[in-house]
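A short worksheet on the structure shown next.
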Amino acid sequence: MSSTTPQKFEFQAEIKQLLDIVIHSLYTEKEIFIRELVSNASDALEKLRHTQLTEKEIFDDSLTLEINVTTDDKAKTITIQDFGIGMTHDELVKNLGTIAHSGSKAFLKALGEGSQKNASLIGQFGVGFYSAFMVAKRVKVYSHSWRAGEPGHLWSSDGSGSYEIESSEGERRGAKIVIELKDDCSEFSQEWKVKEILERYSAFVSFPINLNGKRINTVQALWLRSKNEIKDEEYTEFYKFQAHAFEEPRLRLHFSADAPLAINALLFVPKDNTEKLGLSRLEPGVSLYCRKILIDQKPKDILPEWLRFLKGVVDSEDLPLNISRETMQDRSLLEKLNKVITKRFLKFLEEEAKNRPDSYVEFYREFGHFLKEGAALDYTHKDQLTKLLRFESSLTEKGKFTSLAEYVTRMGSEQKEIYYLVGPNRGSIEAGPYLEGFKARNLEVLFCYEAVDEYVMNNVREFDGKKIQAADHADVKLADLPKPEGALSDEDAGKLVTWLKETLGERVAEVKRSDRLVDSPVLALNADKFMSPHMRRMMKAMNREGADTPLRVNLEINPRHPVIKRLFETHGLNPERARLVAEQLLDNALISAGLLDDATTMVARLNKLLESI
Ligand code: ADP
Ligand code: MG
């Protein structure tokens, strides 16, 4: 082999950061580098198989599609070679010198969030190719692209900031990755050790893997085997391999269907929802196969958006290998596939909710967000998804969930609507003024704690023919309760209402006697039909236009509350003082509704009121 002078390149800044952590981490499960490199070899072979479908001229076309692993315990090296698509000079620079792998990106983002547990994070993300540097003094990649006109190259790096590329003659097609092991990692040059690791993952690789010339795996597609022959551990190992996961899956669904398409599917729900942790939006994680041949690793259209948290595979023998989203016929096949899988998965969740309610609730806590997204946006599956939603309510204990169906069974015959309140947590909803009128009338109210809930409830709109209604909305009419003792008379209350309207002026749209207050003196209801308090807060947080429109609310007063009765007595005698109290009551109501934008005026006023102690 002759070669030219090596050319030196700097790694992209992000890669340097990544390498620095990978190399200095004390992460104990260093062996995952084998899984990552075998997975890359398998990807490269799959890509070659695809290229062969469309390209006539392929370099080294007679080579078998296989992966060869060799160990040398004298030289302390391990080599992983595939006859896949390989890389050209430019591809070496782009693929190994800049950040591509979504796992690596997510890993860096998690670190950016200030986490110090670097070592444990590596295992959760699987940093792809760079994991080799956990065990390597130096990594050498010999590669020849499938393109016949390109020369071969050697890429080489010790992981410290830069790498070199030189041309290298006599290379076979594909990539050969030679790892010169660090002294304390020399075990990976031992055949028995590597054999043990390969045996765990290799069953799921759809190409032959040889270790020092001996075949390790029988190529088999787990998802095509019959369910009762597969052990739990096999499923788990498959999941870890396929999803680059570290932990066991939370849920698993293995099924087949014959009509309208022949399908074998193996789906997993991971333990954690990484989007919830603030990591980037998940990419599709269910790969599409046709008779064991990978068609697309991250197909966008075989599942609805809200199922992007699923991992696994779908295999359908009714799909053409060169499926194209451009043609009507293929698109309609993909739509059918999407329908069947989604329907089946929703049925599976229904069964889980029924047969294993506790585990379903655990799942819901982690992934409920996606179900809400679907209920709000996926019209086709809305009804099924709405049934799967869970809430705390005024009748459940803290931390216990109820479904809409259960809510409906508890409704009295005169109750026509399903009520909910949005607030940051249970305590704040219970302490606010909105719930008491419902409690007094034995009406159950669902509690929603997430900012999106209001949007979701607005879109879901109804369940079982019953309207879903925000309990703090001005439209809600509650049945009369018996008149309480010692309240202001209708006439006096009427006078106070007129006075309040005059006094509060522009700040209120309407003032009226309340039919829903029991223990609080006042409450504010949203007078703007188009912007609820929560929406307003969200828009404020996002700095959106419209958040600053002057606020006007309906103020309701409780005619039997001591403060209101005192106010009635004072407003004639000491109008100035009464005005301060009225304004303060309005601000108190706004605080409860989460609508007070600026507290400075309020604090000044409150201090003035306190002077008269
Ligand atoms: P990922 O596999 O998720 O894309 P990696 O860090 O594992 O991320 O690999 C980065 C890129 O390097 C791959 O996307 C691929 O383009 C290229 N690559 C890695 N290994 C090989 C290989 N054996 N043959 C061809 N290309 C490879
Ligand atoms: Mg990879």
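Exactly one residue out of 142, 130 is within 12 Å of ligand 1 (Cβ to nearest atom), at pLDDT below 95 and in the same structural domain as residue 57 (by TED's automatic domain parsing): that is 130.
Take residue 92 and tell me if it is in contact with a strand residue (DSSP E or B) (Cβ under 6 Å, 6 or more places away or on another chain) and within 16 Å of ligand 1 (Cβ to nearest atom).
Answer is yes for this residue.
Do you know which residues across the range 145-172 are part of a strand (DSSP E or B) and in contact with a His (Cβ under 8 Å, 6 or more places away or on another chain)? Selection gives 153, 165, 166, 167. Residue pairs whose Cβ atoms lie under 6 Å apart, sitting 6 or more positions apart in sequence or on different chains, and linking a residue in the range 30-49 that is near ligand 1 (Cβ under 9 Å from one of its atoms) to a partner that is assigned to a helix (DSSP H, G or I), are 36/128; 36/131. I'd like the residue in the range 67-105 that is within 13 Å of ligand 2 (Cβ to nearest atom) and among the small types (Gly, Ala, Ser) and, out of all such residues, is modelled with the highest pLDDT. By that ranking, first place goes to 84.
Within the range 52-70, the set of residues being surrounded by fewer than 21 Cβ atoms within 10 Å (Cβ to Cβ) and either closer than 30 Å to residue 193 by Cβ or under 33 Å from the mean Cα position of the chain (by Cα) (or both) comprises 63, 64, 65, 66, 68, 70. Selection of first residues in the range 341-362 that are in a helix (DSSP H, G or I) and of second residues that are surrounded by 14 or more Cβ atoms within 10 Å (Cβ to Cβ) and hydroxyl-bearing (Ser, Thr, Tyr), restricted to Cβ pairs under 7 Å at least 6 apart or on distinct chains, gives the following pairs, ordered by first then second residue: 352/360; 353/360. When the range 126-174 is filtered for residues that are of a type in the set (D, E, K, R), in contact with a strand residue (DSSP E or B) (Cβ under 8 Å, 6 or more places away or on another chain) and farther than 23 Å from residue 47 by Cβ, the ones remaining, listed by number, are 137, 138, 158, 164, 166. The residues of the range 145-189 that are away from ligand 1 (no atom under 16 Å from the Cβ), closer than 20 Å to residue 94 by Cα, touching a Lys or Arg at 6+ places or on another chain (Cβ under 7 Å) and of a type in the set (S, T, N, Q) amount to a single one, 162. Considering only residues in the range 185-204 that are buried (at least 21 other Cβ atoms within 10 Å of the Cβ) and in contact (Cβ under 8 Å) with a residue 60 or more places away in the chain, the one that is farthest from residue 131 (Cα to Cα) turns out to be 202. Filtering the range 375-389 for residues that are outside any helix (DSSP H, G or I) and of a type in the set (A, V, I, L, M, F, W, C) leaves a non-empty set.
When residue 255 is tested against (1) at pLDDT below 90; (2) surrounded by fewer than 18 Cβ atoms within 10 Å (Cβ to Cβ); (3) at negative phi, just one condition goes unmet, and that condition is (1). Scanning the range 42-64 for residues that are within 16 Å of ligand 2 (Cβ to nearest atom) and either in a loop (DSSP other than H, G, I, E, B) or touching a Phe, Trp or Tyr at 6+ places or on another chain (Cβ under 8 Å) (or both) yields 42, 45, 48. Does at least one position in the range 563-585 carry a residue that is in the same structural domain as residue 519 (by TED's automatic domain parsing), within 43 Å of the chain's Cα centre (by Cα) and either modelled with pLDDT of 90 or more or closer than 22 Å to residue 539 by Cβ (or both)? Looking for residues that are in the same structural domain as residue 519 (by TED's automatic domain parsing), within 43 Å of the chain's Cα centre (by Cα) and either modelled with pLDDT of 90 or more or closer than 22 Å to residue 539 by Cβ (or both), one finds at least one in the range 563-585, hence yes. Among the residues in the range 255-272, are any among the β-branched types (Val, Ile, Thr), touching a Ser or Thr at 6+ places or on another chain (Cβ under 8 Å) and not assigned by TED's automatic domain parsing to the domain that holds residue 105? Yes. Among residues of the range 74-91 that are in the same structural domain as residue 146 (by TED's automatic domain parsing), those with a beta-carbon under 7 Å from a residue that is of a type in the set (Phe, Trp, Tyr) and within 14 Å of ligand 1 (Cβ to nearest atom) at least six positions away or on a different chain give the pairs 85/146; 86/146. Looking at 79, 70, 64, just one residue is touching a Gly at 6+ places or on another chain (Cβ under 9 Å) and under 22 Å from residue 45 (Cα atoms), and that residue is 70.
Residues in the range 199-229 that are aliphatic (A, V, I, L, M) and within 31 Å of the chain's Cα centre (by Cα): 5 in all. Applying the criterion of being in contact with a Pro (Cβ under 7 Å, 6 or more places away or on another chain) and among the charged types (D, E, K, R) to the residues of the range 302-329, the residue that is nearest to residue 269 (Cα to Cα) is 311.
For the range 408-420: of the residues being in contact (Cβ under 8 Å) with a residue 40 or more places away in the chain and surrounded by fewer than 22 Cβ atoms within 10 Å (Cβ to Cβ), which is farthest from residue 461 (Cα to Cα)?
The initial filter retains those residues of the range 408-420 that are in contact (Cβ under 8 Å) with a residue 40 or more places away in the chain, namely 408, 411, 414, 416-420.
Applying the additional criterion that residues be surrounded by fewer than 22 Cβ atoms within 10 Å (Cβ to Cβ) yields 408, 411, 414, 416-417.
Values: 408: 15, 411: 17, 414: 20, 416: 13, 417: 11 Å.
Checked the range 408-420; the qualifying residue farthest from residue 461 (Cα to Cα) is 414.
Scanning the range 226-252 for residues that are crowded, with 19+ Cβ neighbours inside 10 Å and either outside the structural domain of residue 310 (by TED's automatic domain parsing) or not in a helix (DSSP H, G or I) (or both) turns up 244, 245, 249, 251. Taking the condition at pLDDT 85 or above and within 30 Å of residue 380 (Cα to Cα), does residue 300 pass? Yes, satisfied.
The values are calculated or read from the model by the stated rules, or taken from the named source; none is laboratory data. A quick note: this is a predicted structure, and the numbers were derived from the prediction, not measured. Positions of Cβ are generated from backbone atoms using ideal geometry, with glycine treated the same way; all protein chains shown enter the neighbour counts.
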